[in-house]
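> Here's a structure for you.
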Amino acid sequence: KAMAMYPWFVLGGAMLGLLMLSYIIYHYFADPRESYCLAMLAVVLSLTVSILCAMLIPVDIYVISEGNIKSETLHVTISQEHVRSAYLTLFALLLFLAFCLVPHAYFYGEERGSGSTADIDGKSDQKSCLSALRSTVVFMAFIIFLLTVSLNFRPGHTESLDKVWESQENVSRWVGDLLDAEHSGLNAISFSIACLTFLGVAGWVFYTAYGMAAMPFAWLRGKQSATEQRQDLEQNIASIREKYRQIQVRYPSREDGTLDLSRMKAADRKELNRLQREHKSLMQYNYRLQEIEQKAGLVIPRVLHVLVPFRWAIGVGMMSMSLLVVVSLLLTLVDRLVHSDCGWSCGYTLKERRIFNPADEIFLHLSHIFPVDFMILGVFVLYIFTASVFGIVSLGIRILCFSMYALRTRKSMPQALLVLCNVMSYILLALCMALLTIAPNYTAFGSQTVTSSDGTLGRCSMERRDFMRSCQVSVISAFFTRIAIAMPFFSVAYFFANWAFIVVFSCVFARCMFCQQRQPFLDELPEECEEEELGLLSFIDVGFSSPASGFGAA
C-alpha cells in the first residue's frame, strides 16, 4: 500500500510546492501597500498552471514507456488518454487565465487606485469591480475577434464566409468547422496554443537566454559586501570633493567667505550643480550602508563567509545546466539543419536523431527509474523558470525597446506581476516546444525499444515508428508535431528562434565572462530614506556655499 500511494504523495507534494513557489514569488516582489487578493490569486494560479503544463511531460513519458499508472488502493488508472485530457484541460485553463482572469485582475488594480486610495468602501469597490469587468469584456471581445480572424486561416478550415449568413444551417456548419467540432476542438485549441507559444518564443529568446547566461555568473561572483561598496563610495566622494576644490580656487570669495557665483562661468556653475547632485546621492548610499553594517554586526558576514563554498557549488550547477541545455539545443539544430529530409517546407523536422545529444541521453537513462527523471526534469524546468524571472527582473518588462514595468523587491505594482505571470505563461509554453529540441527522443518515446528484423534492439524513433507500430508517441510530441506538419510556418519560426536563443545566450555569456563586474551590495536607495531624515540636505548646502568648508564638513 505504501508503494502504491508513493506516486500520489509525490504528485501532491509537487502541487503544494508549485503553489507555494508562486505565492512566494508574488509576495517577494509585490508592494504590500498596493497588493490585493485578486492579483495574488491570478498570479498564483497562472504560474502554477503554466509550470504544470511543463511538469506533465515526465508523466506523459512514463505512461508510454512503462504503461498505465495504476493504484489498486485508490482504484485509479492513468492512461495516455487521461494524459491527453489533462493537457487539453491545462491548456484551456491557461487560455482562460491569460485572457480572462489576469486581465480582469489587471483592470481592477487600475480602477481601485494606488495604495493611498485603496482603502475604499464596499460601494466604491463594487464600482471598481464592475468597471474592470466591462474593460475585461471589451478586451475579450477584441481577442475573440482576432482569434476568429486567425482561425479562418487555420490549416484544415474549409468553410468560407461566402453565403454563410443565408441560413442558420450554413452558420452552424461554418462555426463548427471554425472551432473544429468534429475533433472536439482539438485543431482550434492547437492553433490557439501555437499562437500563444509563438508569443512565448520572444520571451524565450531574450529573457530566458539572458537569465540562463547571466544568473550563474551572478551566483559565482556574488555581490560586494557593504564594507567593500562603502569603500568605493568614499573614494568617489573624495574625488568629487577634489573636483569641487579645483573649481573653487579659480574664483575669489566674498567678504563673508562664501563663493561668489556671479563671477563664475556658466559651465562651472553647471558642473557644480552636477557635483552637488552626485554628492547627495553618494552620501545617502554611504549613510544607508553604514546603517546596514551597524545592524549586521559581525554575525552575518561570518555566516556569508561560511556559505561561500555552497554559493560556488550552486553557481557551478547552474552553469552546467545552462551549458547542457545550450549545447544540446545547438547539436539538435545542427542535426536538423543537416539531416532533415524536407528542410524549409516542414520546419526542418527530423525523423531520427543522428548526432549525439547529451541531455537526451541523460534523460533516456533516467527514464528507467521513475520518478528520478521527473525530479531531474522538474529541476530543469524550475531552473529555466527561475532564469526567465531573473532575466525579466534584470531587463524589466518591455515591448520592443520601451520599458513598461521595472520589478523590484517588495516595491512592484501588482499589475507588473500580472504582466509577468502572463509573460512567464507564454515562456513556459515555449519551453514545452523547446524540450522537443533539447531532448527529442526522450520527449517523444521515452525509454521504449524495438526489435528490428535482424534481431537487434534499438530505440524508437520517428523513422522506425513508420514500420514498428509498437512505438507509442508521447502526447506532447504528437501535439507539437501535429502543429509542425499542419502549420509549418510555426515550425520554421521555432527553428530559427532557437538559433536566436543561442546567439543571445552566447553574447550575454561572453559579456558576463569578460566585461561584467561584481554587483553592488545596495543597488538603489530605499524610497523611505529621505534626505531630511539622513540630515544631509543642510550639510550639502553649506558644503557648496562655503569655500572654507567645501565638502570637508563631512
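> Restricting the first residue to the stretch 204-218 and requiring it to be among the hydroxyl-bearing types (Ser, Thr, Tyr), which pairs with a second residue that is open to solvent by 10 Å² or more (accessible area, probe 1.4 Å) meet a Cβ separation below 6 Å and a spacing of at least six or different chains?
Sorted first by the residue in the stretch 204-218, then by its partner, the pairs are TYR210/VAL508.
> Restrict the check to the stretch 335-358 and report whether at least one residue is modelled with pLDDT of 90 or more and among the hydroxyl-bearing types (Ser, Thr, Tyr).
No, because not a single residue in the stretch 335-358 is modelled with pLDDT of 90 or more and among the hydroxyl-bearing types (Ser, Thr, Tyr).
Let's see how each residue does on (1) surrounded by fewer than 20 Cβ atoms within 10 Å (Cβ to Cβ); (2) assigned to a helix (DSSP H, G or I); (3) of a type outside the set (Asp, Glu):
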{"residue": "ALA14", "(1), (2), (3)": "yes, yes, yes"}
{"residue": "GLY17", "(1), (2), (3)": "yes, yes, yes"}
{"residue": "ILE25", "(1), (2), (3)": "no, yes, yes"}
{"residue": "ARG33", "(1), (2), (3)": "yes, no, yes"}
{"residue": "LEU41", "(1), (2), (3)": "yes, yes, yes"}
{"residue": "ILE51", "(1), (2), (3)": "no, yes, yes"}
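> Kindly indicate whether PHE217 is closer than 30 Å to LEU431 by Cβ, at pLDDT 85 or above and open to solvent by 40 Å² or more (accessible area, probe 1.4 Å).
On the way: closer than 30 Å to LEU431 by Cβ: yes; at pLDDT 85 or above: yes; open to solvent by 40 Å² or more (accessible area, probe 1.4 Å): no.
So PHE217 fails the test.
> In addition: With the stretch 412-491 as the region, which helices (runs of 4 or more DSSP H) entirely inside it contain at least 1 residues that are open to solvent by less than 10 Å² (accessible area, probe 1.4 Å) and either in contact with a strand residue (DSSP E or B) (Cβ under 6 Å, 6 or more places away or on another chain) or at pLDDT below 85 (or both)?
Numbers: elements: 414-438, 440-445, 462-465, 475-486.
Fully inside the stretch 412-491 and qualifying: 414-438, 440-445, 475-486.
> What tally of residues in the stretch 391-411 results from selecting those that are part of a helix (DSSP H, G or I) and either surrounded by fewer than 18 Cβ atoms within 10 Å (Cβ to Cβ) or at pLDDT below 85 (or both)? Full working, then the answer.
Step one: list which residues in the stretch 391-411 are part of a helix (DSSP H, G or I), which gives 391-395.
Going one step further and asking which of them are either surrounded by fewer than 18 Cβ atoms within 10 Å (Cβ to Cβ) or at pLDDT below 85 (or both), we end up with 394-395.
So the answer is 2.
> Could you tell me whether GLY317 is at positive phi and either touching a Pro at 6+ places or on another chain (Cβ under 7 Å) or at pLDDT 90 or above (or both)?
On the way: at positive phi: no; either touching a Pro at 6+ places or on another chain (Cβ under 7 Å) or at pLDDT 90 or above (or both): yes.
No.
> Kindly establish whether ASP260 is in contact with a Ser or Thr (Cβ under 8 Å, 6 or more places away or on another chain) and either of a type in the set (D, E, K, R) or modelled with pLDDT under 70 (or both). Don't jump to the end; show me each part of the working.
Working: in contact with a Ser or Thr (Cβ under 8 Å, 6 or more places away or on another chain): yes; either of a type in the set (D, E, K, R) or modelled with pLDDT under 70 (or both): yes.
Yes.
> Can you find a residue in the stretch 523-546 that is at pLDDT 50 or above and either under 27 Å from ILE438 (Cα atoms) or surrounded by fewer than 16 Cβ atoms within 10 Å (Cβ to Cβ) (or both)? First the steps, then the outcome.
Going residue by residue through the stretch 523-546, those that are at pLDDT 50 or above are 523-524.
If we keep only those that are either under 27 Å from ILE438 (Cα atoms) or surrounded by fewer than 16 Cβ atoms within 10 Å (Cβ to Cβ) (or both) as well, we get 523-524.
Within the stretch 523-546 (the criterion being at pLDDT 50 or above and either under 27 Å from ILE438 (Cα atoms) or surrounded by fewer than 16 Cβ atoms within 10 Å (Cβ to Cβ) (or both)), the answer is yes, since at least one residue qualifies.
> Output yes when any residue across the stretch 512-519 is under 25 Å from PHE217 (Cβ atoms), of a type in the set (D, E, K, R) and at pLDDT 80 or above, and no when none is. Full working, then the answer.
Of all residues in the stretch 512-519, those under 25 Å from PHE217 (Cβ atoms) come to 512-519.
Checking which are of a type in the set (D, E, K, R) leaves us with 518.
In the following step, the residues that additionally are at pLDDT 80 or above were identified as none.
Scanning the stretch 512-519, I find no residue that is under 25 Å from PHE217 (Cβ atoms), of a type in the set (D, E, K, R) and at pLDDT 80 or above, so the answer is no.
> Hey, can you tell me all the residues within the stretch 369-385 that are part of a helix (DSSP H, G or I), open to solvent by 20 Å² or more (accessible area, probe 1.4 Å) and farther than 21 Å from ALA214 by Cα? It would help to see each step written out before you state the result.
In the first step, residues of the stretch 369-385 are kept if they are part of a helix (DSSP H, G or I); the result is 369, 372-385.
Then keep just the ones that are open to solvent by 20 Å² or more (accessible area, probe 1.4 Å); that gives 369, 372, 374-376, 379-380, 382.
Once the filter is applied, which keeps residues that are part of a helix (DSSP H, G or I), open to solvent by 20 Å² or more (accessible area, probe 1.4 Å) and farther than 21 Å from ALA214 by Cα, the stretch 369-385 yields ILE369, VAL372, PHE374, MET375, ILE376.
> Among the residues of the stretch 134-154, write down those that are hydrophobic (A, V, I, L, M, F, W, C) and modelled with pLDDT of 90 or more.
Result: VAL137, VAL138, PHE139, MET140, ALA141, PHE142.
> Among the residues of the stretch 105-128, write down those that are at pLDDT 80 or above, surrounded by fewer than 16 Cβ atoms within 10 Å (Cβ to Cβ) and under 15 Å from PRO414 (Cβ atoms).
Answer for the stretch 105-128, where residues must be at pLDDT 80 or above, surrounded by fewer than 16 Cβ atoms within 10 Å (Cβ to Cβ) and under 15 Å from PRO414 (Cβ atoms): just GLU110.
> Report every pair of residues separated by at least 6 positions or lying on different chains whose Cβ atoms are under 9 Å apart, first residue within the stretch 352-367 and within 18 Å of LEU333 (Cβ to Cβ) and outside any loop (DSSP other than H, G, I, E, B), second charged (D, E, K, R) and open to solvent by 50 Å² or more (accessible area, probe 1.4 Å).
That search, which allows pairs on different chains as well, returns ASP360/ARG353.
> Find the residue count for the stretch 26-50, including only residues that are free of Cβ contacts under 8 Å to residues at least 60 places away in the same chain and either of a type in the set (A, V, I, L, M) or touching a Gly at 6+ places or on another chain (Cβ under 9 Å) (or both).
Applying the first criterion (free of Cβ contacts under 8 Å to residues at least 60 places away in the same chain) to the stretch 26-50 yields 27, 37, 44-45, 48.
Filter again for either of a type in the set (A, V, I, L, M) or touching a Gly at 6+ places or on another chain (Cβ under 9 Å) (or both), leaving 44-45.
Total meeting the criteria: 2.
The values are calculated or read from the model by the stated rules, or taken from the named source; none is laboratory data. All values derive from a computational prediction rather than experimental measurement. Note that we place each Cβ from the backbone using ideal geometry, even for glycine, and neighbour counts take in every protein chain shown. We work out accessible area using only protein heavy atoms, side chains counted, and drop any ligands, DNA or RNA first. Shrake-Rupley method; radii C 1.70, N 1.55, O 1.52, S 1.80 Å.
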